[in-house]
Structures are given as C-alpha cells and as structure tokens.
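Quick note: the coordinates plus some simple rules give every number you see, no bench work behind them. Source: prediction; values computed, not measured. Backbone-built Cβ (ideal geometry, glycine too); neighbour counts: all protein chains shown.
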Amino acid sequence: MKTSPVIEVKNVCKSFKNVQAVNGVDFQIFKGQSVALLGPNGAGKTTLMEMIEGIQKPDNGDILIMGRKWKGNERQLHQMIGLSLQETHFIDRLTVSETLKLFASFYKLGKQRVNEIIQIIGLAEKTRSYVVNLSGGQRQRLALGIALLNDPKILLLDEPTTGLDPNARREIWSILQHLKKHSQTSLILTTHYMEEAEQLCERIIIIDKGQILKQGSLEELLKEDNDEKIIEFALDEPNLAIERVSNPSGFHIQWGANRDKGIIALNQIERQLPEFLTLLNQNNLRLRHLECRRKTLDDLFTTMTGRRLHE
Amino acid sequence: MNKLIQQKQLIQLISAHFKEIIRHPAVIFWGIIFPILMALGLGIAFTRQTGIVRHVAVIENDQAVTENANNKLSIHAFLEKHADKIKPVGSKPQLYKLTLANEKLGDTTFIFEKTTWHHAMILLKRGNLSIIMDEKNNRIEYHFDPLNTDAHFSYLKLSKFFTQNGTPVEENLESVQPLTVHGTRYIDFLVPGLMAMGVMMSCMWGMSYGMIDKRSKKLLRRMVATPMKKSYFLISLMTVRIAMNLIESALLFLFAWLVFHITIEGSLAGLFTIFIAGNIAFGGIAIFISCRTSNTEIGNGLVNAVVMPMMVLSGVFFSYYNFPDWSIPFIQKLPLTLLADGLRSIFIEGAGFTEAILPAAILLSIGIFFFSAGLKFFKWH
C-alpha cells in the first residue's frame, strides 16, 4: 500500500531570462523509492533538483516535501534532507574529519556519527588528510558522507559521479546500493549516465528541454518500443558502403557522424540479421565490426530526440 | 543543553575558520610579516637624521616692516644678511636658504618662505613645515606644536642661531606660541597607520574575498542547505578576523616597541575600544561588498575599489594634509582615516577614553549600517 508521497512536484515551471529551464514538470516520489532524473546537459535536471532542494523557487507550480512547502519550513526540511551538489569545494585546509565534524555540528551530531560516516564512505585512512589533497573520487565520497550525516529521509544527489573515473564511480554506486538495502531513504539523483540510472534507481524520469519525455522502470521504458534489438556495424570502405547499403529496403540505418558506422533497430532479429548479412555479401562489403545488443536508454533517448544523452 | 549544543556549532565554525586562516602561509606573511617588514623598511628610511632640510614660514606683515624700519629686530633683514636667496619660480614668494653646519651631527638646512599667516597655517596643516616665525611688538614669535619634537628641534636650532648672530639683541625678545598640530617621529606616525591599514586589509581581503570565494565554490550554498544558523556563520567569521587582527597588531606593536621604542601615550581602554570599533566597521563593509557576487574577479575589483582610495587618501604613510584643503573634511570621514586618526591620537597625543568614544561610535555605526544592509541583501546561494 502506497503512503502519501515524500516529494510531490506539481506542474513546476522555471525560466531564466529567455530560457525555459523547466516547463510543466509533474511527478511524485514515495518512501524508499529511488528515482533517476536522466537527461543530457542543459535538460533542466539541476534546476529541477535545486527547486526540490529549496535553493530556487519555481515560477509556477508547487513542490511539497513530506507534505510541506519550503517557505516557513526551511529548518525542519533541512533536518530531513541530505544533499550533494553537482560541484562543491569544501574548505581546502580542513581535514576530512574536521569537515565532517563541522557539518555534524549543524545537525547537533557527535563524534560517533562522524566515525560511522567515515567507515561508510571508506575514508578511514584519510581522516587526517586535508580536503585539498583528496582525489576527485574521495572528495565526492566526502560530499556523499556529509549528505548522509543526518541519516536523511530524502537524499538528493546532483550528478554524484560526473567527472569520476569508472572505479571511483563504482565506489559511489556501492555506497548508495548499500544505503538502499539498509535504509528507507528516498533518493533522487540526476545523471546523464544511463548505466548509473540502471544500477541505482528503480524508476527513471527522462528529461529534455525542461520537460518529462518518459518515465517508468527500465523494463517499462524499453518494452514500450517494438524495436527491441540493436545492431551496430562498421564497414571497411565507408564511402562506397554508404551508396550501396543505404538503398536496400527494410532497414532504417542511423549513420554515425563520420558516415562509416551505422545503427539499425530490429524487431525480428532472427530473420532480419541474416538478411542484412546477405545484403552485405551480395554487395561485396566487408564488415570491420558488428555488435548485436539489447536496446538501451541511450537508444531510446536518441529515438525520441534525435540526439544522444552525452551530446 | 540545547544552548550548549548550539555553542558547539559556533565553536566548530570558529575553529574551522581559524584553521582555514592559519593553514595558509601566505596569510601569515601578508598579515603579520609584511606589516613588520614595512615598518622596518619605512622606519629606517624615514627616521634617519642625516642631511636634514626643514621649511620655515616667515610672516610678512605691514606692522613688522614699519616697526623694523627703526629696529634691529628684523627677521627679514637678518635673512637678507645671513641667508642665501633662492630665485623664486614664477610668481612664488622669495625663498631664503640657511645651512647650519655641524660636523658631528650633519648639516641642517632651513628654507625660509615669506608668506601670510593664512598660507603659513595651510602649509603647516599639510605637513609641509612644522614651525612659523613672526615678529610682533619687537619680539620674534615661534609658533609650533609643542608635542612635535621636530618643531622643537627647529626652534632650538633657529633660536640659537638668531641669538648668536645678534637677533634678538636682548633677553626676552623671543617667545614661543604653542600650536596643537599633528607630527612626531615618522615611525610614531606610521605604526598606528599600519595597524589601521592591517585591520582594513585583513577584513576586506580576508572576509570579503573569502566569502566571495566560498560562494563561487558553492560552499555557502552547501552550508545553508543544513540547519546551520546563518548569523553564527557571520559571527564566527567576524570573531576569527578580530582575533587575528588583535594578534597581528599586538605583534606589530611589540616589534615597534622593541626596535623603535614606540609607546602608547593615551588610554589603553580607549585604544581597545577604537580598535574593536574599527574591526566592526570594516567587517560590516566587507560583508556588504561581498553580499551578492560570486565572481572572484568582481570581488577583487570591489575590494580594491574600497581599499585603494583609502590607502591613498587616509594618511597611512604620510599626512593627508598634503591633499588640497577642500578634500580634508571628506578624507577625515573615511573609515580608515577615522581609525588611523583615532589610533594615532591615543598612541601619539595621549588621548583618553572619552576622546575615543566619538570616533569609536562613528566607526561602530558604520559597521552596523553596512552589516545590516549586507545581511539584508546577502546571497547565500
């Protein structure tokens, strides 16, 4: 049985000068739910997140956190929320431990909670290191640790792994997956990494140009489209290949920027893949690369907008 | 209990800001070592007593000319006889140059300028000269600030020379007319100015720039996304800054006391009051100018826009009386001038606590005004 939503976003709009950053966004998030706001850079994710965080006010619409508006409830809501901004520099010459103690004092928490957080974020060996000497991944883990200090009911993470290497990214994921298992914290994270949304969230909201394009679980989003399989290929002679292969009927090819690679969406791969290979053979075209894979959110986004998530 | 926990917040904030400051070696250099080096350099450069040149105003009036027609007591006649004429440039009045040689102590050269009383006072205010000579009722009158050792020096030298060379010819034909005007050793003048400048620079760069930097790095935004009390944040910044300024100024004074034998002539309570009021004034201004921007380059410009005019005008290094008369009332109302003059009045002139109340109250009002305005417009995000 679903209880009342933890976060309600109702027809929210926000514009800056001539740019409509968020345009009529509606969604609800319930206790313990993890939701990803997925979209390319400039989609309006951060603006939406900042409105949920109470940093910005919507031009229109309402945002309710635990049934309360931000105005007049800042102190109580700050107690319930943990957040990590897209980019935060802490005080360079404070140590990890001192930084955590400083923020713990804002929540009236003691040394015990600081030590717990140090263990959770895996920075036990860095407690005496200055923040300025931490790696990007370690700093991001510290930011996450600060967000978790008050054992928040709602955790808001704005691109928590952007700019991190794959290992550092997996470390962050591991901390968040552990949190999901052991707490009832509701999580919203913004990302343009499809894999991150898949790994951490059971619900994904795809945003572009300030509007929600689609939302649902990963399965729901991908099942809606009949073209369930994707083949990616590259040919030895791209220029010649374009003339010959772009003509055959039955295949809609999306060519890459250099016109030497192509992507075809197939709904009956067992029948269509042999046909495609036969076509290449008949035209004396040699494959340099062929990959057959399931459809991803990136493909879905490309289908909907004509652009890729990382553009 | 709750109060204790809240105080812990404040302690953590104070501790964090303190560590942030002392862990930057550059801060220690600019805050403590640089003012000491400046005191040393300028003190040595301007306190040496070799090849002294002093300017003297000689009042030219009709009474003196008439009286001295039949009288041996004439500064003008004396100068004609003993001093060298300097060719005036354009319409400038006649100048005379008199060099008193001394093998052991070095030469002292006096430049005499014939002028009116009004003009002589202007020159005196501007610090161009420290003594004025006049003739009235068959007496030579020396007008100077009795607290000004430099004027004393000039008086003694001139009096001796005039007496030895026949003017005045009789006893009691000279008199001293005290004038209360700024001016002592240069280092006496400099150290309170450096302290005032240190307070201004420390507040403006340390607080303004620090806050703009924290805003640009989104640290302010992150902090106010917690239940942190915003007033605690600003109070902690001010507390640490005042504590640092106290340490810096105490060290500068200690150095000046040991090396240059600077003393505090006036009230210590008055000095402390005016020092704290100065800190609050510049703390308020610092919060005001950094209340909106998150761009460090704009912040740089804003800080310079406030700091540079006062550095030039407020008489930190040299008397602001060198500036045109019309600008003096304006200069005297600048916070740095108020602080520097207030500190100097206690250091040099021996001002008491009551004399410190007015400048301290003005500085406090400036601080409260700008602090309130800054807080009203403060952009945390």
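Each Cα pair under 8 Å and six or more residues apart adds its sequence gap; the mean of these over the residue count of chain A is a relative contact order of 21 percent. For residue B:55, the residues 5 or more places off, or on other chains, whose built amide H falls under 5 Å of its own are B:111, B:130.
Pairs over the 24 Å Cα-Cα cut-off, from the set A:10/A:153; A:180/A:229; A:71/A:153: A:180/A:229.
For a straight C-alpha distance cut-off of 17 angstrom, the aspartates and glutamates reachable from residue B:87 (same-chain residues fewer than eight places away being disregarded) are B:113. Considering only B:336, B:256, A:268, the residue lying farthest towards the positive end of the dipole of the protein assembly as shown is A:268, judged by Cα position with unit charges set on Cβ. Spin-label pair residue B:87-residue B:8: with each label point 7 Å from Cα along the Cα-Cβ axis, the two points sit 8.4 nm from one another. Between residue B:250 and residue B:119, the C-beta separation translates, for a Förster distance of 41 Å, into a calculated FRET efficiency of about 0.45.
Other protein chain C-beta atoms within 10 Å of residue C-beta, averaged over A:98-109: 6. By the rule of a C-alpha distance below 17 Å, with chain neighbours fewer than 8 residues away ignored, the aspartates and glutamates paired with residue B:136 are B:60, B:62, B:67, B:170, B:171, B:174.
Within the shell defined by Cβ-Cβ distances under 14 Å, the residues around residue B:200 carry a net charge of -1, with Lys and Arg each +1 and Asp and Glu each -1.
Per 0.36 nm of contour for each residue apart, how much would the distance between residue A:283 and residue A:60 grow if the chain were fully extended, relative to their Cα-Cα spacing? If you can, show how the numbers build up before the last one.
Working: separation 223, 0.36 × 223 = 80.28 nm, distance 5.83 nm.
Answer, rounded to one decimal: 74.4 nm.
With contacts taken as Cα pairs under 8 Å at a separation of at least 6 residues, the stretch A:115-171 carries a relative contact order of 36 percent. With the highest mean first, a sort of the peptides B:115-121, A:8-14 on other beta-carbon atoms found within 10 angstrom per residue produces A:8-14, B:115-121.
Each of the peptides A:110-123, B:337-350, B:133-146 was scored by the mean count of other Cβ atoms within 10 Å over its residues; in descending order, highest first, they stand as B:337-350, B:133-146, A:110-123. Restricting everything to alpha-carbon atoms, can you work out Rg to Rh for the stretch A:7-217 with a Kirkwood hydrodynamic radius? We get a ratio of 0.96 for the stretch A:7-217. Between residue A:290 and residue B:137, with labels modelled 7 Å along Cα→Cβ, what's the label distance in nm to one decimal, could you check? Calculated label separation equals 12.5 nm. Straight Cα distances below 19 angstrom link residue A:69 to the aspartates and glutamates A:8, A:26, A:50, A:53, A:59, with same-chain residues fewer than 8 positions distant left out.
Equivalent-ellipsoid semi-axes (√(5λ), Cα gyration tensor) for the protein assembly as shown, whole Å, largest first?
Values: eigenvalues 1243, 171, 88 Å².
In descending order the semi-axes read 79, 29, 21 Å.
Shielding value for A:79-89 is 3, the average number of Cβ atoms from other chains within 10 Å of each residue's Cβ. Exceedance of the 20 Å cut-off in Cα-Cα distance is limited, within the set B:229/B:376; B:85/B:114; A:57/B:379; A:126/B:218; B:19/B:217, to A:126/B:218. Calculated on the Cα set of the stretch A:22-146, radius of gyration then Dmax: 16.7, 47 Å.
Protection proxy ranking of B:205-217, A:66-78, A:280-292, by the mean of other Cβ atoms within 10 Å over each peptide's residues and highest first, is B:205-217, A:66-78, A:280-292.
By the gyration tensor of its Cα atoms, with a ≥ b ≥ c the square roots of the eigenvalues, what is the shape of the stretch A:121-195: rounded for a/c under 1.5, prolate for a/b over b/c, or oblate? In terms of gyration-tensor shape, oblate. Spin-label model, residue A:174/residue B:261: points 7 Å from Cα along the beta carbon direction are separated by 7.1 nm.
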